[in-house]
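One structure is given here, and the rest of the page talks about it.
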2 protein chains.
Amino acid sequence: MYLALLYENVRPLLIAVDCIIFGVQDTELKLLIFKREVEPLAGAWSLLGSFVNRDESVDTAAERILFELTGLEDIYMEQLHCYGALDRDPGGRVVSIAYWSLIRVDQNHLEFNVRSHEAKWVSLDKIPDLVLDHRDMVERAIANLREKARFKPVGFELLPEEFTLGQLLKVYEAIFDHPIDSRNFRKKLLNSGLLIPLTKKDKSTSKKGSFLYKFNQETYRQLSQEGYNFGF
Amino acid sequence: MYLALLYENVRPLLIAVDCIIFGVQDTELKLLIFKREVEPLAGAWSLLGSFVNRDESVDTAAERILFELTGLEDIYMEQLHCYGALDRDPGGRVVSIAYWSLIRVDQNHLEFNVRSHEAKWVSLDKIPDLVLDHRDMVERAIANLREKARFKPVGFELLPEEFTLGQLLKVYEAIFDHPIDSRNFRKKLLNSGLLIPLTKKDKSTSKKGSFLYKFNQETYRQLSQEGYNFGF
DNA sequence: CCAAAAGTGTTCCGAATACACCCATGA
DNA sequence: TCATGGGTGTATTCGGAACACTTTTGG
């Protein structure tokens, strides 16, 4: 074991993870927030968080709390930032590792789990006061999501397996919070090789019906690495 | 204090910071590495690291270790990633927060401090084996530096107050590791508003001498926020 | 006078942008 | 038949990329 432990001022610290969860609902980008369960500040709005157990990695802890909430594994997740200020938590010295994730709001059990925890989806421009430095975390996460979305195909993580171009367009409008020209969007996406056209149509949103697509996983991986300009 | 502390498996953990230090030497991007001083693995090459004291923030800890080494404050520094795998350190469970920084190799005292610690600058393609997961950290840092350098004016952090366009070009060639057309580079940079031309010339590298510039701090800050395409 | 680095303009191409109408269909 | 969302093509502009010669001066 490390000699450092012998020194008085080098002491282990509590480590937490907090998770900024984004989803698209009603063509708007939303944030999932929770009623905090532990003191201090129990009952206030908060991000989903938990302490890191000593027998799990930090990443695993983040996956665990998301799993406990959503029942889903393999959720898209990015480590955001370590928040390590001295006074960030009045309950004691806690260092928090923030993650953000994108989830498909319509997925099985999600509705149920969200209801059974005290949670709700909120628009990004109507976020209530959050405990501790959670507001900072959310702002950094939004900036990070937008930055990432400009060059990596993350928009797809918010959609179901099969989706229409209109849905995809709305996801990007939700992320960037401004309107996108549909002709340019279609042209670019269809030429990107990211989309595999299906023969089925989705008739739920229009009389005419619109073609469904799914992702080309191969191209997806490639563009994730190389980067691609998703600025519109 | 948190109830969580009562649970057996939620225990405080040791937190360390590790710092990936980049500098430009002989027109090449280099990494500063150190002989590790603590067991286990004392004597092996390593990044500069230290434990986080309980009376300092994580960011402060990172600044402290850089200050102890270089004697410099206000060094450009970015938090990179939290490394929290269970088995990353054979000496015990340690979570490490990695930072990378850019320093001006020619600065006062730096040479002295580097020599007095057992440290050396190495080319990125000749990095020896490093302890623990430090190699991963370096690779992530290089990727992060290149990504950042494409859109933020970070190249300037590696140069002295006054510099020539040739020096700046070489910094970018060093970061991106490929040659850049000097005419396009000059055009773009001179139009960016980032450079304030001085009347002095630097004659150390050529008979003709080349004009010196300094940064326009105002534009620098602005472009840091808004982003600017530094891809060449 | 020559070697070595500094400095300078133009053309070309591709990608992003702006923009307006027809189509299919269920109600 | 009409309201609703789906689908399509072209012209323009801007920025990035490619490219070669002249200038200065210390040695």
For a label point 7 Å along the Cα-to-beta-carbon line of A:Glu139, residues of region B:195-232 with backbone N under 20 Å: B:221-227
Listed residues B:Phe211, A:Phe215 arranged by accessible area, highest first, probe 1.4 Å: B:Phe211, A:Phe215
The protein assembly as shown - charge dipole about Cα centre, Lys and Arg +1 at Cβ, Asp and Glu -1, debye rounded to 20: 2200
Cα long-axis angle, helix B:58-70 against chain B (0 to 90 degrees, to the nearest 10): 60
Accessible-area order (highest first, 1.4 angstrom probe) of the listed residues A:Arg140, A:Arg115, A:Arg93: A:Arg115, A:Arg140, A:Arg93
Cβ nearest the rotation axis (A onto B), residue from chain A and distance to the nearest whole Å: A:Pro12, 2
Region A:3-150: projected area of the alpha-carbon convex hull, averaged over directions, in nm²: 10.0
Teacher prompt: B:Leu124 distances to equivalent labels in other copies, 7 Å Cα→Cβ, nm: 3.1
Cleavage-rule hits (GluC sites (Glu not before Pro)) in region A:55-132: DSSP loop, at most 13 neighbouring Cβ within 10 angstrom: A:Glu73, A:Glu118
Copy-to-copy label separations for B:Leu41, where each label sits 7 Å from Cα toward Cβ, in nm and ascending: 3.6
Dipole axis of region A:128-232 (+1 Lys, Arg; -1 Asp, Glu on Cβ), positive-most option in A:Val131, A:Thr199, A:Leu223: A:Thr199
Other-copy label distances relative to A:Pro160, 7 angstrom Cα-Cβ extension, nm: 6.5
Degrees between helix A:182-192 axis and first principal axis of chain A (Cα, 0 to 90, nearest 10): 80
Dipole magnitude of region B:1-103 about its Cα centre (Cβ charges: Lys, Arg +1; Asp, Glu -1), debye to nearest 20: 340
Nearest-ten-degree value, helix B:165-176 long axis tilted from longest Cα axis of chain B: 40
Cα convex hull of the protein assembly as shown - mean projected area over all directions, nm²: 25.4
Average other protein chain Cβ within 10 Å of Cβ, residues A:147-153: 1
Stretchable slack from A:Asp26 to A:Asn229, in nm (0.36 nm times residue separation minus alpha-carbon distance): 70.5 nm
Cα-based Rg of region B:45-90 normalised by 2.2 N^0.38 Å, two decimals: 1.27
Residue-level accessible surface for B:Arg88, protein heavy atoms, 1.4 Å, Å²: 20
10 Å Cβ neighbours from other chains, averaged over peptide A:14-27: 2
Peptide-level mean, for B:97-105, of C-beta atoms on other protein chains within 10 Å: 1
Of every Cα-Cα pair in region A:154-226, the percent that sits beyond 18 Å: 40
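The values are calculated or read from the model by the stated rules, or taken from the named source; none is laboratory data. Owing to the predicted nature of the structure, the values given are computational and were not obtained by experimental measurement. No Cβ is skipped: glycine too gets one built from the backbone with ideal geometry, and neighbour counts run over all protein chains shown. Heavy atoms of the whole protein, side chains included, go into the accessibility calculation; ligands, DNA and RNA do not. Shrake-Rupley method; radii C 1.70, N 1.55, O 1.52, S 1.80 Å.
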